[in-house]
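**Student:** First the structure, which I've put down as structure tokens, then a few questions once you've had a look.
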Amino acid sequence: MPVYLDNAATSFPKPKAVVEAVRHVLEGVGASPGRGSHKHAAEAMAIIADCRQKAAAIIGVSDPERVVFTKNATEGINVVLKGWLRPGDRVLYSAMEHNSVVRPLWRLASQGVNIEMIPCSPSGVLDLGTLSRELRAETRLVVLVHVSNVNGALMPLEEVAQLCSRAQTPLFVDAAQSAGLQPIEAEQLGIGMLACSGHKALLGPAGIGILYVRPDLDVPPLIEGGTGSRSEELEQPEFCPDRYESGTPNLPGVAGLREGIAYIMETGMNRIRNHEIGLAHHIESELRRIPGVRVFEPETRGSGTVSFVVEKMNPADTGSILDQAFDIAVRTGLHCAPLAHRTLGTFPEGTVRVSPGFASDIENIEYFINGLRWIVARRG
Amino acid sequence: MNSAEESENLVTENLASARVRIYDRAGKKVEQPQWIVREKPVTLYLNGKEVVTLLCAGHHLDELAAGFLYAEGFLRSPEDILGMETDNEEGTVKVSARADDTITERLWQKRTISSGCAKGSLFYYSLDALLSKPVKSDVRIAPGQILDRLEDLNRLSEAYRRTHGVHNTALADADRIILFRDDIGRHNAVDMIVGHVFLHGIPLADKMLITTGRLTSELLIKAAKVNLPILISRNTATSLAIELAVSLGVTLIGFARAGKFTVYSGQERIDAGIPG
């Protein structure tokens, strides 16, 4: 039986309403929102407005206009880092960050931005003491992944937000793995910026993401262009969301995301989180019982993502065999997060990552564990 | 029949004779008989299903089949074999076995898939990745012993001397050659040796394999599957073989001839007796 355990990359299968919404846009709406006054364009606008409202609600933002659509978390991260940081600025980031953060930072470092890494424990938890010491007045930004995409470690977001507020340094949260799973109160915590993708725990299609920028933070956009607003002016509008939303938006993506978030709200985020984390705990306890398997457990779990290795076996080989022999989809390697793997001690080969979703069940997990037991037994 | 006669019979059984014409540059022709090596297709069946057809010299088919099926992961222990019928005339070996061949079959000759997101695997077949493990052995061999066993191998090679058409392979310990096999394919000769040690439960941690063939990745992977610590050839090694040897802890020795040899990896097993 085919088993999909790669929800940390892309959640699958999507709720039926998501698929139907994308289909409806392509078959029944077909217009560019804000680029016409006909009924089709009006429906498109309504879809976008409703999705924006839902997106704002799910990350704890009261003004939906502050929530803009991007193509994914990576785009939102690039907007913030490249817009906010200037040569000579100092930025702190954790040792569990994804390449979507690390690579833009590396580029900025070559242009004179001072980038400093805050270490994490071997299980992936941020060292708050070091962060507190390093947070000085001249620090322009702190970047933090909310939940690790490698082992599901939950970062102490509230504590970090408090430290940043005290230091008056904006906190930029990468919520790619947490949005839709973890309750986020961006305004209440005083978070400066937040980026996430729509195709993971928010259950939308690929190609849509969310970016929130606090009103007092002047982050210039990465691209300018047509917005369907103030077209007589040659300068990019300064107001949100138009400031960041140039070009025809991804309406099928927004429509799908709207239904994904609606599904989470109807089902209950706690229920989804408890289900996925419950499966992860079951996976970890089963993996611990298999000799020759090492599990990289977080101190506090924020998602259902589990990382492990079979000793003396390249994770890519383990993943290949799970796929070819058992039709089980997992992800192997560095998961685009080499820093996190250095922190966990799994660089350069990485790990096998298993990430159940809300559609996964205990039977799927048993099947996966039995497949892995077969592999370990055949290695002798 | 004495052992010399037995040996002669074995050699001649596996060889054929052909009437050939030998020309020189001036066109002068001499007609004479010449020994040639036999080549025949042999098809392996496992539990009624065709697995593979091997082109081989046609002898030691039981060892060839057992070695092949073991190295490819279809068999795990000699007790798995419930029966084996070899038919030299038909060119078939039919093995019935207690084997979890369904899952192994799914993996058979499947390439490993690398995402490019990390340091990838050295293995190109999934079954090889599954069954190859780093070799564990504390054996030490002196250079003289390596060269002596190579000379022993050359002495044993009657079919090669007559035909120049086979690869020779021997399993040896420091003091003597334990088993000798030859075949038209270097893999077949190695599979026969693997099959023999598999069927007879011979431990390999203190042994070396000497071959006349090139040292390629397939040979390294086979060594790692059976915990064979030292591979020696009078020929060269390939790049992937050397990478695998380093990764799997195999001592890899090439160009073993004329009183010298080249060590590509695992030199700690060479007991030179000279400090440094």
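**Student:** Go through segment A:48-64 and give me each residue that's touching an Asp or Glu at 6+ places or on another chain (Cβ under 9 Å), of a type outside the set (S, T, N, Q) and surrounded by fewer than 16 Cβ atoms within 10 Å (Cβ to Cβ).
**Tutor:** A:ASP63
Quick grid of which residues meet (1) farther than 24 Å from A:ARG35 by Cβ; (2) within 20 Å of the chain's Cα centre (by Cα); (3) basic (Lys, Arg):
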residue: A:GLY209; (1), (2), (3): no, yes, no
residue: A:ARG214; (1), (2), (3): yes, yes, yes
residue: A:LEU217; (1), (2), (3): yes, no, no
residue: A:LEU234; (1), (2), (3): no, no, no
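**Student:** Let me ask something additional. For segment B:44-51, does any single residue satisfy the condition of being in contact with an Asp or Glu (Cβ under 7 Å, 6 or more places away or on another chain), facing another protein chain (nearest Cβ under 8 Å) and more than 29 Å from B:ASP173 (Cα to Cα)?
**Tutor:** Scanning segment B:44-51 turns up no residue that is in contact with an Asp or Glu (Cβ under 7 Å, 6 or more places away or on another chain), facing another protein chain (nearest Cβ under 8 Å) and more than 29 Å from B:ASP173 (Cα to Cα).
**Student:** For segment A:29-57, how many residues meet the condition of being charged (D, E, K, R) and touching a residue at least 40 places away in the same chain (Cβ under 8 Å)?
**Tutor:** Qualifying residue count for the region: 4.
**Student:** Further question on the same structure: Looking at the structure I just gave you, is B:GLY165 within 14 Å of chain A (Cβ to nearest Cβ), more than 22 Å from A:TRP374 (Cβ to Cβ) and either in contact with a helix residue (DSSP H, G or I) (Cβ under 9 Å, 6 or more places away or on another chain) or not in a strand (DSSP E or B) (or both)?
**Tutor:** For B:GLY165, the condition - within 14 Å of chain A (Cβ to nearest Cβ), more than 22 Å from A:TRP374 (Cβ to Cβ) and either in contact with a helix residue (DSSP H, G or I) (Cβ under 9 Å, 6 or more places away or on another chain) or not in a strand (DSSP E or B) (or both) - is not met.
**Student:** Could you list all residues from segment B:13-35 that are in a loop (DSSP other than H, G, I, E, B) and at pLDDT below 90?
**Tutor:** The answer is B:ASN14, and nothing else.
**Student:** Can we say B:GLY73 is in contact with a Lys or Arg (Cβ under 6 Å, 6 or more places away or on another chain) and surrounded by 12 or more Cβ atoms within 10 Å (Cβ to Cβ)?
**Tutor:** no
**Student:** Those residues that are of a type in the set (Val, Ile, Thr), under 20 Å from A:GLY152 (Cα atoms) and out of contact with any helix residue (DSSP H, G or I) (no Cβ under 9 Å at 6 or more places or on another chain), I need them from segment A:252-298; list them, please.
**Tutor:** Answer for segment A:252-298, where residues must be of a type in the set (Val, Ile, Thr), under 20 Å from A:GLY152 (Cα atoms) and out of contact with any helix residue (DSSP H, G or I) (no Cβ under 9 Å at 6 or more places or on another chain): just A:ILE277.
**Student:** I'm checking my understanding of the structure. Among residues of segment A:283-310 that are farther than 20 Å from A:ARG331 by Cβ and part of a helix (DSSP H, G or I), which one is farthest from the chain's Cα centre (by Cα)?
**Tutor:** Only one residue tops the list, namely A:ARG288.
**Student:** Does B:GLY144 satisfy the condition of being within 14 Å of chain A (Cβ to nearest Cβ) and more than 30 Å from B:GLU50 (Cα to Cα)?
**Tutor:** Numbers: within 14 Å of chain A (Cβ to nearest Cβ): no; more than 30 Å from B:GLU50 (Cα to Cα): yes.
When the stated conditions are applied, B:GLY144 does not pass them.
A quick yes/no check of all residues on (1) assigned to a helix (DSSP H, G or I); (2) within 16 Å of A:GLY253 (Cβ to Cβ); (3) polar (S, T, N, Q); (4) out of contact with any helix residue (DSSP H, G or I) (no Cβ under 7 Å at 6 or more places or on another chain):
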| position | (1), (2), (3), (4) |
| --- | --- |
| A:ILE47 | yes, yes, no, no |
| A:ARG52 | yes, yes, no, no |
| A:ALA55 | yes, yes, no, no |
| A:SER62 | no, no, yes, no |
| A:VAL80 | yes, no, no, yes |
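Listed here are the residues, each with its yes/no results for (1) part of a loop (DSSP other than H, G, I, E, B); (2) surrounded by fewer than 17 Cβ atoms within 10 Å (Cβ to Cβ); (3) among the basic types (Lys, Arg).
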site: A:LEU203; (1), (2), (3): yes, no, no
site: A:PRO215; (1), (2), (3): yes, yes, no
site: A:PRO221; (1), (2), (3): yes, no, no
site: A:GLY228; (1), (2), (3): yes, no, no
site: A:LEU234; (1), (2), (3): yes, yes, no
site: A:GLU238; (1), (2), (3): yes, yes, no
site: A:THR248; (1), (2), (3): yes, yes, no
site: A:GLY253; (1), (2), (3): no, no, no
site: A:ALA262; (1), (2), (3): no, no, no
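**Student:** While we're looking at this one, here's another question. Run A:GLN324 past the list (1) more than 9 Å from every other protein chain (Cβ to nearest Cβ); (2) in a helix (DSSP H, G or I); (3) in contact with a Lys or Arg (Cβ under 7 Å, 6 or more places away or on another chain) and report the number of the one that doesn't hold.
**Tutor:** Answer for A:GLN324: the failing condition is (1).
Residue-by-condition table, conditions (1) modelled with pLDDT under 95; (2) touching a strand residue (DSSP E or B) at 6+ places or on another chain (Cβ under 7 Å):
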{"residue": "B:HIS187", "(1), (2)": "yes, no"}
{"residue": "B:ILE193", "(1), (2)": "no, yes"}
{"residue": "B:HIS196", "(1), (2)": "no, yes"}
{"residue": "B:ASP206", "(1), (2)": "no, no"}
{"residue": "B:THR212", "(1), (2)": "yes, yes"}
{"residue": "B:LEU219", "(1), (2)": "yes, yes"}
{"residue": "B:LYS222", "(1), (2)": "yes, no"}
{"residue": "B:LYS225", "(1), (2)": "yes, no"}
{"residue": "B:LEU228", "(1), (2)": "no, yes"}
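**Student:** Any idea which of (1) within 14 Å of chain B (Cβ to nearest Cβ); (2) at pLDDT below 95 is the one A:PRO249 doesn't satisfy?
**Tutor:** (1)
**Student:** For A:GLU363, indicate whether it is free of Cβ contacts under 8 Å to residues at least 60 places away in the same chain and farther than 24 Å from A:LYS200 by Cα. It would help to see each step written out before you state the result.
**Tutor:** On the way: free of Cβ contacts under 8 Å to residues at least 60 places away in the same chain: yes; farther than 24 Å from A:LYS200 by Cα: no.
Criteria not met by A:GLU363.
**Student:** Could you identify the single residue in A:ALA280, A:ALA340 that is within 14 Å of chain B (Cβ to nearest Cβ), among the aliphatic types (A, V, I, L, M) and either in a helix (DSSP H, G or I) or over 26 Å from B:ASP128 (Cα atoms) (or both)?
**Tutor:** A:ALA340
**Student:** Considering only residues that are free of Cβ contacts under 8 Å to residues at least 60 places away in the same chain, under 18 Å from B:VAL246 (Cα atoms) and assigned to a strand (DSSP E or B), which ones fall in segment B:200-224?
**Tutor:** If the condition is that a residue be free of Cβ contacts under 8 Å to residues at least 60 places away in the same chain, under 18 Å from B:VAL246 (Cα atoms) and assigned to a strand (DSSP E or B), then B:LEU209, B:LEU215 are the ones that fit.
**Student:** Out of the residues in segment B:88-128 that are at the interface with another protein chain (Cβ under 10 Å from one of its Cβ atoms) and charged (D, E, K, R), state the one that is farthest from B:LYS40 (Cα to Cα).
**Tutor:** So, considering only residues that are at the interface with another protein chain (Cβ under 10 Å from one of its Cβ atoms) and charged (D, E, K, R), the one farthest from B:LYS40 (Cα to Cα) is B:LYS119.
**Student:** Since A:VAL309 meets every condition but one in (1) out of contact with any His (no Cβ under 8 Å at 6 or more places or on another chain); (2) at the interface with another protein chain (Cβ under 8 Å from one of its Cβ atoms), which condition does it not meet?
**Tutor:** Of the numbered conditions (1) out of contact with any His (no Cβ under 8 Å at 6 or more places or on another chain); (2) at the interface with another protein chain (Cβ under 8 Å from one of its Cβ atoms), the odd one out for A:VAL309 is (2).
**Student:** Picking from A:ARG331, A:ARG294, A:ARG301, which residue would you name as being touching a strand residue (DSSP E or B) at 6+ places or on another chain (Cβ under 8 Å), away from chain B (no Cβ under 11 Å), of a type in the set (Lys, Arg) and buried (at least 20 other Cβ atoms within 10 Å of the Cβ)?
**Tutor:** A:ARG301
**Student:** I'm trying to understand the selection: among the residues of segment A:345-374, which are within 13 Å of chain B (Cβ to nearest Cβ), more than 17 Å from the chain's Cα centre (by Cα) and under 30 Å from A:ILE118 (Cβ atoms)?
**Tutor:** A:THR346, A:PHE347, A:PRO348, A:GLU349, A:GLY350, A:THR351, A:VAL352
**Student:** Looking only at residues that are aromatic (Phe, Trp, Tyr) and without any contact (Cβ under 8 Å) to a residue 60 or more places away in the chain in segment B:154-199, which one is surrounded by the fewest Cβ atoms within 10 Å (Cβ to Cβ)?
**Tutor:** B:TYR160
**Student:** Taking the conditions exactly as written (crowded, with 17+ Cβ neighbours inside 10 Å and either in contact with a helix residue (DSSP H, G or I) (Cβ under 9 Å, 6 or more places away or on another chain) or under 22 Å from A:VAL310 (Cα atoms) (or both)), does B:GLY67 satisfy them or not?
**Tutor:** So B:GLY67 passes the test.
**Student:** Considering only residues of segment B:129-141 that are under 25 Å from B:PHE180 (Cβ atoms) and under 21 Å from the mean Cα position of the chain (by Cα), which is farthest from the other protein chains (Cβ to nearest Cβ)?
**Tutor:** Here the answer is B:ILE141.
The values are calculated or read from the model by the stated rules, or taken from the named source; none is laboratory data. For clarity, every value in this text was computed on a predicted model and none was experimentally measured. Here Cβ is always computed from backbone atoms with ideal geometry, including for glycine, and neighbour counts include all displayed protein chains.
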